[in-house]
1. Residues to consider are Lys67, Lys26, Lys45; find the one that is touching a residue at least 12 places away in the same chain (Cβ under 8 Å) and closer than 27 Å to Ile6 by Cα.
2. Might you let me know whether segment 54-75 holds any residue that is over 28 Å from Glu28 (Cα atoms), at pLDDT 95 or above, out of contact with any Leu (no Cβ under 9 Å at 6 or more places or on another chain) and not in a helix (DSSP H, G or I)?
3. Could you look through segment 76-93, keep only residues that are of a type in the set (Lys, Arg) and surrounded by 10 or more Cβ atoms within 10 Å (Cβ to Cβ), and pick out the one that is nearest to Asp31 (Cα to Cα)?
4. For segment 5-52, what are the residues that are assigned to a loop (DSSP other than H, G, I, E, B), charged (D, E, K, R) and surrounded by 13 or more Cβ atoms within 10 Å (Cβ to Cβ)?
Amino acid sequence: MVTRKIIRDDLDQVIDENRLGIVKDKQEHMDLLIAKIDEELLELKETNYSDATEFADVIEVIVAIAKLNDIAEQTIDMERLHKECSNGIFDKGLVLNDI
């Protein structure tokens, strides 16, 4: 069984081209990105959520998933700011009990 994992675009410069391929199927691309976000979240957890590089990796995969669904990074930023203005952020530690 051949296993595949999605990697950053510029790694094609340092990895033997015989080991590389391009995903052409949108669903397969999405599946690989979902697997990648799981991998990146696990790596972030392993740092006890203290490594900015791992946060950057998670965000990069989220942006890639959004782009695959025709959602621009700027749109995400605008929606995040809209929600911040309308509902606030998560700094207070406010919780809803008895859900």
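The values are calculated or read from the model by the stated rules, or taken from the named source; none is laboratory data. Because the structure is predicted, anything quoted here is derived from the model rather than measured. Ideal geometry is used to build each Cβ from the backbone, glycine not excepted, and the neighbour counts take in all protein chains shown.
1. Among Lys67, Lys26, Lys45, only Lys26 is touching a residue at least 12 places away in the same chain (Cβ under 8 Å) and closer than 27 Å to Ile6 by Cα.
2. Going residue by residue through segment 54-75, those that are over 28 Å from Glu28 (Cα atoms) are none.
No: segment 54-75 contains no residue that is over 28 Å from Glu28 (Cα atoms), at pLDDT 95 or above, out of contact with any Leu (no Cβ under 9 Å at 6 or more places or on another chain) and not in a helix (DSSP H, G or I).
3. Among those residues, the one meeting the criterion is Arg80.
4. Of all residues in segment 5-52, those assigned to a loop (DSSP other than H, G, I, E, B) come to 5-8, 14-16, 20-25, 47-51.
Next cut, charged (D, E, K, R) only: 5, 8, 16, 24-25, 51.
Across segment 5-52, the qualifying residue is only Asp51.
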